[in-house]
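Working notes, beginning with the structure itself.
The values are calculated or read from the model by the stated rules, or taken from the named source; none is laboratory data. All values derive from a computational prediction rather than experimental measurement. Cβ: placed from backbone, ideal geometry, glycine included. Neighbour counts: every protein chain shown. Side chains are part of the model used for accessible areas, which takes the heavy atoms of the whole protein and leaves out ligands, DNA and RNA. Shrake-Rupley method; radii C 1.70, N 1.55, O 1.52, S 1.80 Å.
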Amino acid sequence: MIGGTGPSGIPIVRRLVADDHDVTILHRGNHERPETPPDVAHIHADPYDEVSFGEALAGSSWDVIVAMYGRLRMIARLTTGLCTHFVSVGGVPAYRGWTDALQHDPPGLPVPVREDADLVDDPAIDEKGFRIVRTEEAVFKAQPGAAHFRYPYLYGPYQPAPREWSVVRRILDGRRRIIVADEGLTLHHHCYTENCAAAVVRGIEQPERSSGMVFNVGDEEVLTVRQMVELCARELGADLEIVSMPYELAVPAWPLLAQPLPTHRVLDLARLHDLLGHRDVVPAREAVARTARWLAA
């Protein structure tokens with residue numbers, strides 16, 4: 001497993017070890033985590049550096065290589081022939097309009113978004129999304145039987161930029177109001193780290209079903225912005241007044257939307273559920289409560 005110490009990497013490793021797999025993680029060694037099982041082997045190398053990475057895996061062979069971290073195009077190319085099954089993680093900004101709903105007319109991403117929806121095909125419109133799409137293409141060129149998982153925004157322990165923090169911090173500071181845009185009714189698909197981990201492990205353990213496929217990943221329930229705020233406040237025992245303002249005026253609420261419009265972003269998870277049999281291991285409402293407690297602590 002390349003990575004394995006990040007928000008979803010830790011629970012993936014723990015699940016694989018619990019399922020009696022022999023796990024090795026390759027990472028730079030900068031973020032050793034106490035949650036990593038002690039019997040996991042470590043290879044310290046740089047998955048962003050071709051020489052370091054290539055030397056670390058030279059002459060080795062693996063049943064499965066899971067690419068969570070580093071330069072994915074390089075990793076897919078350099079591990080060609082080194083594994084029976086290749087599993088990789090990318091992002092949903094590959095979809096046209098995910099980061100800019102104005103790419104659709106009228107503005108707004110189609111709901112829900114299936115894996116075969118339009119992808120970004122013009123770097124002038126969305127340079128980041130274009131690079132993500134080109135990376136996916138490079139993965140399947142080097143590893144035709146790969147299983148690729150498109151992550152939305154994650155939440156949970158070790159998320160470096162948690163959306164819930166702006167709510168939790170406000171509560172800890174003793175503030176009693178929070179602004180939301182348009183009643184906070186925007187649906188924005190997120191995924192709790194434990195749920196993402198369970199989904200990826202399904203793909204690892206079922207190569208006969210996941211090979212050559214792309215999967216959307218996300219919580220089964222898509223919460224509104226308002227519901228997320230209410231859940232954080234309830235879990236921390238805060239009486240937080242939610243103040244609605246029109247989107248154009250609700251500037252303090254824009255970071256919670258993480259996009260230039262209050263339109264919905266919802267993924268179709270039928271392939272993940274039906275083909276791999278995945279179901280959330282933590283319901284979204286409980287996951288938000290856990291996240292609020294973790295951040296407050």
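In loop segments of segment 1-92 as defined by DSSP, the trypsin sites (Lys or Arg not before Pro) with at most 16 further C-beta atoms inside 10 Å of their C-beta are 28.
Heavy-atom accessible area, probed at 1.4 angstrom with all protein chains present, ranks 8, 61, 244 as 61, 244, 8, highest first. Over the Cα atoms of the chain, what is the Rg over Rh ratio if Rh follows Kirkwood? Dividing the radius of gyration by the Kirkwood radius yields 0.98. Long-range amide H contacts for residue 26: which residues qualify at under 5 Å (H placed 1.01 Å from N, peptide plane, sequence gap of 5 or more or a different chain)? Here the answer is 2, 3, 43, since their amide H atoms fall under 5 Å of that of residue 26. Using C-alpha pairs below 8 Å separated by at least 6 residues, the relative contact order for the chain is 20 percent.
Net charge of the neighbourhood of residue 54, taken over other residues with C-beta under 11 Å away and scored Lys/Arg +1, Asp/Glu -1, is -3.
Rg/Rh, computed from the Cα trace of segment 1-120 with Rh as the Kirkwood radius, has the value 1.07.
List the GluC sites (Glu not before Pro) in segment 174-280 that DSSP assigns to loop (not H, G, I, E or B) and whose Cβ has at most 16 other Cβ atoms within 10 Å. Which are they? Please list the in-between numbers first.
On the way: sites: 183, 194, 205, 208, 220, 221, 230, 235, 241, 248; in loops: 220, 221, 248.
In loop regions of segment 174-280 (DSSP not H, G, I, E or B), the sparsely surrounded GluC sites (Glu not before Pro) are 220, 221, 248.
For residue 296, neighbours were defined as the other residues whose beta-carbon sits under 13 Å from its Cβ, and their charges (Lys and Arg +1, Asp and Glu -1) total +2. What segment 138-297 shows is 43 Å² of accessible area per residue, with the surface traced by a 1.4 Å probe over protein heavy atoms.
What percent antiparallel are the DSSP beta bridges of segment 49-197, to the nearest 5? Please report the intermediate quantities before stating the final value.
Working: 1 of 14 bridges.
Roughly 5 percent of the beta bridges in segment 49-197 run antiparallel, per DSSP.
Counting helices only, and only those DSSP H runs with n ≥ 4, report the 222 nm mean residue ellipticity of the chain as the sum of -39,500 (n - 2.57) divided by its residues, in deg cm²/dmol to the nearest 500.
Values: 11 runs with 101 residues, N = 297.
-9500 deg cm²/dmol, from helical runs alone.
Report the antiparallel proportion of the DSSP beta bridges in the chain as a percent, rounded to a multiple of 5.
On the way: 2 of 32 bridges.
Antiparallel bridges: around 5 percent, rounded to the nearest 5.
What percentage of the solvent-accessible surface of the chain, computed with a 1.4 Å probe over protein heavy atoms, is contributed by carbon and sulfur atoms?
Of the solvent-accessible surface of the chain, carbon and sulfur hold 51 percent.
Could you tell me the distance between the Cα centroids of segment 19-84 and segment 166-236, to the nearest Å? Comparing the Cα centres of segment 19-84 and segment 166-236, I get a distance of 28 Å.
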